[in-house]
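Written out below as structure tokens is the structure these notes cover.
The values are calculated or read from the model by the stated rules, or taken from the named source; none is laboratory data. Please read these numbers as outputs of a predicted model, since none were measured by experiment. Ideal geometry is used to build each Cβ from the backbone, glycine not excepted, and the neighbour counts take in all protein chains shown. Surface areas here come from the heavy atoms of the whole protein model, side chains and all, with no ligands, DNA or RNA. Shrake-Rupley method; radii C 1.70, N 1.55, O 1.52, S 1.80 Å.
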Amino acid sequence: MFRYSATQWIYGNEEIETSLRRLKRFGYDGVELAGEPASLNVEEVSNLLRKYELICTSICGIYTRERDLSSPNLDTRRNAVQYVKDCVDLAAGVGAALVIVVPSPVGKNAPDTTYEEEWENSVASIREAGEYAKTKGINLAIEALNRFETYLVNKLDDAKKLAEQTNVDSVKLMADLFHMNIEERNLSAAIRNIAPVLAHVHIADNTREAAGLGVIDFKQVLRSLIENGYQGSITMEFLPPVSNPYLAAQRESGASIAVFDRYTQQSIDHIKHIVESLA
Ligand code: LER
Ligand code: MN
């Protein structure tokens with residue numbers, strides 16, 4: 001029913017082949033590539049995907065300060081829009097359906113000018129990137145991050161309003177259960193509210209560790225995805241407990257490799273088991 005992948009950036013600087021081998025070993029269908037188009041060779045990655053019989057479900061944009069779609073600085077904004085377009089080209093090159101878009105970057109917890117101005121900047125940036133994506137047959141999926149990571153779009157309903165204001169039908173939404181567990185009063189109601197434009201899902205438990213290690217009721221979540229007709233990918237995005245998510249996976253020790261293996265297996269086993277019980 002669902003396709004399962006894990007997002008590549010959680011494995012830090014690990015060789016992509018090592019990550020793909022692990023995903024295949026634990027029964028995944030694909031990978032979500034980290035959005036670093038300048039350092040990925042489309043042909044090499046496509047060959048590796050073929051070798052391990054995996055698909056690329058999606059591209060996870062990495063939104064640093066230089067890639068701020070909401071910025072009052074025009075050069076920064078242009079750079080950010082170009083970055084999303086480059087991720088769209090990467091998606092088209094590796095056969096992925098969508099690119100994740102985060103309107104204000106990770107670590108920006110207050111506007112440089114005003115919320116309203118930066119909201120309008122984001123609408124315009126995402127509209128331009130969305131129009132480009134449409135010409136390539138790729139969707140964008142706006143992701144709401146929790147308030148401790150960014151400030152502009154924290155709830156699925158904010159993301160819905162933003163997508164509507166772009167007025168481009170390639171601009172869809174995604175749901176990340178870790179962020180939602182902090183920001184949404186009711187996980188099922190939040191999913192239902194955006195169901196017609198829900199294009200992608202990220203899964204981690206409430207501590208951001210692998211699904212099943214914490215308290216999120218994934219049975220309720222998966223039931224509402226099924227009831228609302230969701231047919232996209234389920235992408236695992238787990239991390240050990242850290243403040244800056246992008247720095248989290250930068251260690252490369254034997255201990256972290258063991259955690260990668262354990263969490264990769266734990267997540268898919270837990271989610272697949274529940275999906276099977278609901279079938
Ligand atoms: C990216 O998908 C995400 O969820 C953010 O928290 C960035 O780390
Ligand atoms: Mn996410």
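If we scan the range 7-21, do we find a residue that is assigned to a loop (DSSP other than H, G, I, E, B), open to solvent by less than 50 Å² (accessible area, probe 1.4 Å) and within 29 Å of residue 211 (Cβ to Cβ)? Steps first, please.
From the range 7-21, those assigned to a loop (DSSP other than H, G, I, E, B) are 12-15; that's our starting set.
If we keep only those that are open to solvent by less than 50 Å² (accessible area, probe 1.4 Å) too, we end up with 12, 14.
Then keep just the ones that are within 29 Å of residue 211 (Cβ to Cβ); that gives 12, 14.
Checked the range 7-21: at least one residue is assigned to a loop (DSSP other than H, G, I, E, B), open to solvent by less than 50 Å² (accessible area, probe 1.4 Å) and within 29 Å of residue 211 (Cβ to Cβ).
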Q | Tabulated pairs, the range 190-210, first at negative phi, second open to solvent by 40 Å² or more (accessible area, probe 1.4 Å) and among the basic types (Lys, Arg), C-beta under 6 angstrom, 6+ apart or interchain | A | 194/160; 197/172; 199/172
Q. Which condition does residue 79 not pass, out of (1) open to solvent by 10 Å² or more (accessible area, probe 1.4 Å); (2) part of a helix (DSSP H, G or I); (3) over 21 Å from residue 136 (Cα atoms), if it passes all the others?
A. (3)
Q | Within the range 252-279, tally of residues that are at pLDDT 95 or above and charged (D, E, K, R) | A | 3
Q. When the range 175-222 is examined, which residues are found to be of a type in the set (D, E, K, R) and out of contact with any helix residue (DSSP H, G or I) (no Cβ under 7 Å at 6 or more places or on another chain)?
A. 176, 183, 185, 205, 217
Q. What single numbered condition from (1) of a type in the set (Lys, Arg); (2) without any contact (Cβ under 8 Å) to a residue 12 or more places away in the chain; (3) within 16 Å of ligand 1 (Cβ to nearest atom) fails to hold for residue 155?
A. (2)
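Would you be able to tell me the number of residues in the range 154-207 that are of a type in the set (Gly, Ala, Ser), away from ligand 2 (no atom under 15 Å from the Cβ) and in a helix (DSSP H, G or I)?
4
Condition check: touching a helix residue (DSSP H, G or I) at 6+ places or on another chain (Cβ under 7 Å), more than 16 Å from ligand 1 (Cβ to nearest atom), at negative phi and among the acidic types (Asp, Glu). Does residue 86 satisfy that? Break it down into steps so the answer makes sense when it comes.
Numbers: touching a helix residue (DSSP H, G or I) at 6+ places or on another chain (Cβ under 7 Å): yes; more than 16 Å from ligand 1 (Cβ to nearest atom): yes; at negative phi: yes; among the acidic types (Asp, Glu): yes.
When the stated conditions are applied, residue 86 passes them.
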Q.
Could you tell me how many of the residues in the range 98-131 are open to solvent by 60 Å² or more (accessible area, probe 1.4 Å) and in contact (Cβ under 8 Å) with a residue 24 or more places away in the chain?
A. 8
Q: Tally the residues that are in a loop (DSSP other than H, G, I, E, B) and touching a strand residue (DSSP E or B) at 6+ places or on another chain (Cβ under 8 Å), restricting the search to the range 88-118.
A: 10
**Q.** Meets criteria (aromatic (Phe, Trp, Tyr) and away from ligand 1 (no atom under 13 Å from the Cβ)) for residue 52
**A.** yes
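Can you tell me which residue among 39, 58, 70 is under 20 Å from the mean Cα position of the chain (by Cα), hydroxyl-bearing (Ser, Thr, Tyr), more than 15 Å from ligand 1 (Cβ to nearest atom) and open to solvent by less than 30 Å² (accessible area, probe 1.4 Å)? Break it down into steps so the answer makes sense when it comes.
Working: 39 fails: open to solvent by less than 30 Å² (accessible area, probe 1.4 Å); 58 fails: more than 15 Å from ligand 1 (Cβ to nearest atom).
None of the others qualify; the one that does is 70.
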(Q) Can you confirm whether residue 63 is open to solvent by 30 Å² or more (accessible area, probe 1.4 Å), among the aromatic types (Phe, Trp, Tyr) and farther than 30 Å from residue 223 by Cα? (A) no
